[in-house]
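Peer 1: Sharing a structure here in structure tokens format.
All of the numbers you see were taken from the coordinates with simple rules; none came from a lab. For clarity, every value in this text was computed on a predicted model and none was experimentally measured. Glycine gets a Cβ as well: all are built from the backbone with ideal geometry, and neighbour counts include every protein chain shown.
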Amino acid sequence: MSAILSPGGFEPVAHGCRRAVVPSPWPPRSVAVFLIDSGGTRLVDTGAATVESVEFLAAALDEALGPGEMPDGVVLTHSHLDHAGGLEALAPDAVIAHEDAARLYESDERTPGGQPFATVAGTSGSLPDMPGWEWVLGEGHAPGHLLLWQPESRTLLAGDQFLLGLKTPLRIADPEEDSFGAYLETLDRVAALQPEIMLTGHTEAIREPEAWLHREGRRLSRQLDRTRTAVRSGARDAEEVTERVYGSIPGPGARQLLLREKLAALRHLVSLGEIRRQVVDGREVFED
């Protein structure tokens with residue numbers, strides 16, 4: 001049975017929290033948004049900017065809040081277009097985002113309604129005007145990725161940081177960034193919270209978070225070991241490492257995801273001082 005969420009209207013998923021799933025033009029073709037009732041009603045993420053996604057979300061909000069009614073504000077988990085693209089169509093005045101995400105969304109850090117973002121900074125804290133809800137920074141996937149945390153029910157809204165049955169794509173745009181290490185640090189940060197359920201942006205809930213977080217940490221540890229072994233046996237870039245570890249990979253989508261993870265793993269080994277990196281003709285090359 002697929003873990004990918006199917007489009008549908010708002011349904012309760014945690015205390016004071018409802019989830020809807022709207023269509024997306026990008027794989028896996030759907031994305032979750034949430035309504036949180038806390039000091040007003042806040043919408044977490046907005047879906048994509050496509051007509052299909054915007055109209056689907058509008059219909060779901062009409063059914064949940066009443067025709068023409070709008071949430072009191074929006075919380076953005078991160079700035080990727082499948083999660084934040086619909087912000088322009090919704091045009092809320094109040095938008096909460098991490099300062100790193102707000103800086104990417106608009107150069108002047110203003111919402112489509114012309115108001116400044118209500119930004120948070122650092123690695124954790126309370127959500128403005130949302131009693132009972134906190135935030136934790138998720139790193140490695142997107143700048144300023146917010147994980148929303150409700151201590152009372154031990155519920156974590158994980159966005160794209162953690163996905164059931166899917167790899168979380170790690171950021172590789174900045175060659176100097178250690179996104180692999182940042183993701184590992186987030187695993188530890190979330191494990192310390194001891195969540196009882198983690199709700200994701202694209203897949204069914206992770207209902208045994210402690211075991212899942214442990215398995216994910218072990219999976220990434222194995223990937224590092226395989227990457228070390230590949231470099232020691234002569235692999236010099238992410239493509240060669242991927243070929244040595246996996247051999248033939250069906251489909252360009254899977255290959256791209258594996259290449260991203262291997263490049264992130266190589267950069268992490270550089271950050272640990274285990275291997276060296278240089279750029280040759282625009283290509284990152286690694287050696288023991």
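Peer 1: Rounded to the nearest 20 debye, what is the charge dipole size of the chain about its Cα centre when +1 sits on each Lys and Arg Cβ and -1 on each Asp and Glu Cβ?
Peer 2: In debye, rounded to 20, the chain gives about 1240.
Peer 1: Counting only other residues whose beta carbon sits under 12 Å from that of ARG219, what net charge do I get with K and R as +1, D and E as -1?
Peer 2: Numbers: positive: LYS167, ARG215, ARG218, ARG222, ARG226; negative: GLU216, ASP225, GLU261.
Once positives and negatives cancel, what remains is +2.
Peer 1: In addition: Can you tell me, using C-alpha contacts under 8 Å and at least 6 residues apart, the relative contact order of the chain as a whole percent?
Peer 2: Taking the mean separation of contacting Cα pairs over the length of the chain, I get 12 percent.
Peer 1: Based on the alpha-carbon set only, what is the convex hull volume of segment 175-234 divided per residue, in Å³?
Peer 2: 114 Å³
Peer 1: Give me the three principal axis extents of segment 86-211 from the C-alpha atoms, as integers in angstrom, largest value leading.
Peer 2: Answer, in whole Å and largest first: 44, 39, 25 Å.
Peer 1: Starting from 0.36 nm per residue, how many nanometres of slack lie between ARG236 and TRP26 once their C-alpha separation is accounted for?
Peer 2: 72.4 nm
Peer 1: Under a Cβ-Cβ cut-off of 12 Å, what is the net charge of the residues other than GLU152 that fall near it, where Lys and Arg count +1 and Asp and Glu count -1?
Peer 2: -1
Peer 1: Out of all DSSP beta bridges with both ends in the chain, state the antiparallel percent to the nearest 5.
Peer 2: Working: 34 of 46 bridges.
Roughly 75 percent of the DSSP beta bridges within the chain come out antiparallel.
Peer 1: Could you please report the charge total around SER179, scoring K, R as +1 and D, E as -1 over all other residues with beta-carbon less than 11 angstrom from its beta-carbon?
Peer 2: Net charge in that neighbourhood comes out at -4.
Peer 1: Further question: Starting from one equal scatterer on each C-alpha and no solvent at all, send me the Debye-based log10 I(q)/I(0) for the chain at q = 0.07, 0.08, 0.10, 0.12 Å⁻¹, two decimals.
Peer 2: -0.27, -0.35, -0.55, -0.77
Peer 1: Rank by packing, highest mean first: peptides 41-52, 273-284, with packing defined as the count of other Cβ atoms within 10 Å averaged across residues.
Peer 2: 41-52, 273-284
Peer 1: Next question, about the same structure. If you plug each phi of segment 2-7 into the Karplus form 6.51 cos²θ - 1.76 cosθ + 1.60 with θ = phi - 60°, what whole-Hz ³J(HN,Hα) values come out, in order, with x for Gly and Pro?
Peer 2: 5, 8, 5, 6, 9, x
Peer 1: Quick one: which residues, 5+ away or cross-chain, put their amide H under 5 Å from the amide H of LEU5? H built at 1.01 Å from N.
Peer 2: Sorted by chain and number, the residues that satisfy this are THR203, GLU204.
Peer 1: Can you show me the helix-derived [θ] at 222 nm for the chain, built from DSSP H runs with n ≥ 4 at -39,500 (n - 2.57) apiece and divided by the number of residues, rounded to the nearest 500.
Peer 2: Details: 8 runs with 96 residues, N = 288.
Helices in the chain give a 222 nm mean residue ellipticity of -10500 deg cm²/dmol.
Peer 1: Where q = 0.22 Å⁻¹, what log10 of I(q)/I(0) comes from the Debye formula for segment 1-150, counting one point per Cα?
Peer 2: The calculated log intensity ratios at q = 0.22 Å⁻¹ are -1.62.
Peer 1: Treat segment 223-287 as a sphere of radius equal to its Kirkwood radius over Cα pairs and apply Stokes-Einstein at 4 °C in a medium of 1.567 mPa s; give the translational diffusion coefficient in µm²/s, rounded to a whole number.
Peer 2: The calculation lands on 111 µm²/s.
Peer 1: Please compute the contact order of segment 223-287 in relative form: average sequence separation of alpha-carbon pairs under 8 Å and at least six residues apart, divided by the residue count, as a percent. Write out the running numbers ahead of the final one.
Peer 2: Details: 58 pairs, mean separation 25.0, N = 65.
Answer for segment 223-287 is 39 percent.
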